[in-house]
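The values are calculated or read from the model by the stated rules, or taken from the named source; none is laboratory data. Remember, it's a predicted structure, so these values are computed and weren't measured experimentally. Methodologically, a virtual Cβ is constructed for each residue, glycine included, from the backbone with ideal geometry; neighbour enumeration extends over all protein chains shown. Areas reflect the complete protein model, heavy atoms only, side chains present, ligands, DNA and RNA absent. Shrake-Rupley method; radii C 1.70, N 1.55, O 1.52, S 1.80 Å.
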Amino acid sequence: MFAPCSSCGDIEIIDYPFRLKTDPPGCGEVAFQLSCENNKTILELHSGKYYVKQISYADNRLRVVDFNLASGSCNLPYKSVSVDEIIDDHHYRLVSTTYTSFIKCSSNLSDQAYRLLPCLSGNGSSFYVSYDNYIISNLQGPCSFISRVPTVYQTVLFPSYDSILQLMQTGFDLEWSIGCWDSSFSYDCYKSGNYLPPWLAAFRTIWNVFSAIYLVGRFILAPIEPQSDSPTELLISDTVEKSL
């Protein structure tokens, strides 16, 4: 049983496996290290920076929000999130999440799925934000992808610009695992030796023991094959038999 090591702002209990950078050794795991800045709990993940809004130890979940979007104002994310990074992560995965994507265009869009970002648009360029678009496709005009951030899932079609701001401010959920996820993409984690689940560790131990017994048994109990007679010995034996 692990005792809470610290707290920060609204997060009153920072418990195992989490720890703050300022906590003494023995508090939490380094892989789950957080920081406390201006009385706000911060998670740094894949070069991104997120405010921790809530920690549910019963569900193994974090509610986090991008550092630049926490105020609900017009802005770009602190860092664009790579979906592959999250999928391949050994400790965190997304829960019931969609994506909000940001694009830049040199001409105006008429598609209602894209909402203009007024604070960034101007000087011949228009910035748009779109909710529920993981893969940007069928863009109108010369547009380019800028950034992407996970967003809490809501069953809403073509939300307004203000609604998208509120959704991004709400943040998104991450589920954590102290070991590796028991799924196909965790094979690299098993292979790297970072973690083995109990059943796999037991199987590997039993396999190694039986392999060792088999090799020793073959070495000790293997029958010694008689050496074959040399050609000279065969010739002498044949000559003796003929003389008799």
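A few comments on the model shown:
- Count of the stretch 38-51 residues which are open to solvent by 60 Å² or more (accessible area, probe 1.4 Å) and over 17 Å from the mean Cα position of the chain (by Cα): 3
- Restricting the stretch 1-17 to residues that are surrounded by 14 or more Cβ atoms within 10 Å (Cβ to Cβ) and not in a loop (DSSP other than H, G, I, E, B), the residue that is nearest to the chain's Cα centre (by Cα): Ile14
- The condition of being open to solvent by 40 Å² or more (accessible area, probe 1.4 Å), charged (D, E, K, R) and at pLDDT 90 or above does not hold for Asp132.
- Yes/no for Ser160 being surrounded by fewer than 20 Cβ atoms within 10 Å (Cβ to Cβ), of a type in the set (Gly, Ala, Ser) and more than 27 Å from the chain's Cα centre (by Cα): yes
- Test: residue in the stretch 119-135 that is among the polar types (S, T, N, Q), in contact (Cβ under 8 Å) with a residue 24 or more places away in the chain and out of contact with any Asp or Glu (no Cβ under 9 Å at 6 or more places or on another chain): yes
- Residue within the stretch 18-34 that is open to solvent by less than 60 Å² (accessible area, probe 1.4 Å), within 22 Å of the chain's Cα centre (by Cα) and of a type in the set (Val, Ile, Thr) present: no
- Selected residue [of a type outside the set (A, V, I, L, M) and on the phi > 0 side of the Ramachandran plot] from Gly48, Gly9: Gly9
- Per-region count, the stretch 80-89, residues crowded, with 19+ Cβ neighbours inside 10 Å and either closer than 15 Å to Leu165 by Cβ or not β-branched (Val, Ile, Thr) (or both): 1
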